[in-house]
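Read the structure below first, then the notes.
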């Protein structure tokens, strides 16, 4: 048998020993399916249903912890650019089905993603769609899910989070701070600070350029001043004046008052005005005789200042000066 025939024979034998490529692929798929089924049965794998939709099919959950009206191209630019670079939204928003003739879902987590995709579609990038993960959940579960996702994010303000907590403690936890803290797995003092922020008067909130500038530490700084009636009225009055200036800035007239300066001005308003101490003057009146007008001798440092009315007679003046000299020099 020639070498050529030997080679052909070897090829045939090798094909008989190994499965064909289609068979190998089918076996690989079977093994993958078997592993997946096994993982599901063991509880190690949870399957999620994701969908690509037009963002107009969604509305924001009315108790979403982010103020959607504050979102704009500038503060969502990083996300817009990221979706454009990746060619798609990488992480699904969490939504839940709703019974609404105008919308199919409401967004629990993913407001910025919703804005970014909507902005892209409105600006000639109609190929992008909104990636969602629909889930069934209660309002309390939706609140906790949204809080967990956004708690460490810097792009949601302290005040937005505080307002969300203030609503939730009454709505889901019967006003019990301990119960809410346990469900959120946070400390009671930590939660208490955010609830104090949410309780700030509207005048204080309006004194800041934006609610995004109002921090939890500001509530701590101002709480003692607002807790005393004597200082609270002064602080609120100053807040109203600052708010008027901030509103002018929003209308394009003049600069904003920086958040740090807002707190500084509010603190200063609560302080009593500093009255310059009246300098004690060493002065005495000298007369020729009682009942007459005389001179006032006022000592300032090492000098005397003598004052008298221009109507004082020469005799009365001389007599008053004699009295002054007698006391001064003992003559």
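Scanning the range 186-209 for residues that are under 18 Å from residue 246 (Cβ atoms), in a helix (DSSP H, G or I) and touching a helix residue (DSSP H, G or I) at 6+ places or on another chain (Cβ under 6 Å) returns 203, 204, 206. The single condition among (1) crowded, with 18+ Cβ neighbours inside 10 Å; (2) assigned by TED's automatic domain parsing to the domain that holds residue 107; (3) in a helix (DSSP H, G or I) that residue 164 does not satisfy is (2).
In this structure, residue 112 does satisfy being assigned to a helix (DSSP H, G or I) and closer than 23 Å to residue 211 by Cα. Of the residues making up the range 138-147, at least one is in a helix (DSSP H, G or I) and under 20 Å from residue 90 (Cβ atoms). The single condition among (1) modelled with pLDDT of 85 or more; (2) on the phi < 0 side of the Ramachandran plot that residue 252 does not satisfy is (2).
For residue 146, the conditions (1) modelled with pLDDT of 95 or more; (2) buried (at least 18 other Cβ atoms within 10 Å of the Cβ) all hold with the exception of (1).
Residues checked against (1) buried (at least 17 other Cβ atoms within 10 Å of the Cβ); (2) within 30 Å of residue 201 (Cα to Cα); (3) within 60 Å of the chain's Cα centre (by Cα):
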site	(1), (2), (3)
228	no, yes, yes
241	no, yes, yes
249	no, yes, yes
293	no, no, no
301	no, no, yes
325	no, no, no
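Those helices (runs of 4 or more DSSP H) of the range 1-104 in which at least 2 residues are closer than 30 Å to residue 162 by Cβ and modelled with pLDDT of 95 or more, considering only elements entirely within it, cover 77-86.
The values are calculated or read from the model by the stated rules, or taken from the named source; none is laboratory data. Owing to the predicted nature of the structure, the values given are computational and were not obtained by experimental measurement. Note that we place each Cβ from the backbone using ideal geometry, even for glycine, and neighbour counts take in every protein chain shown.
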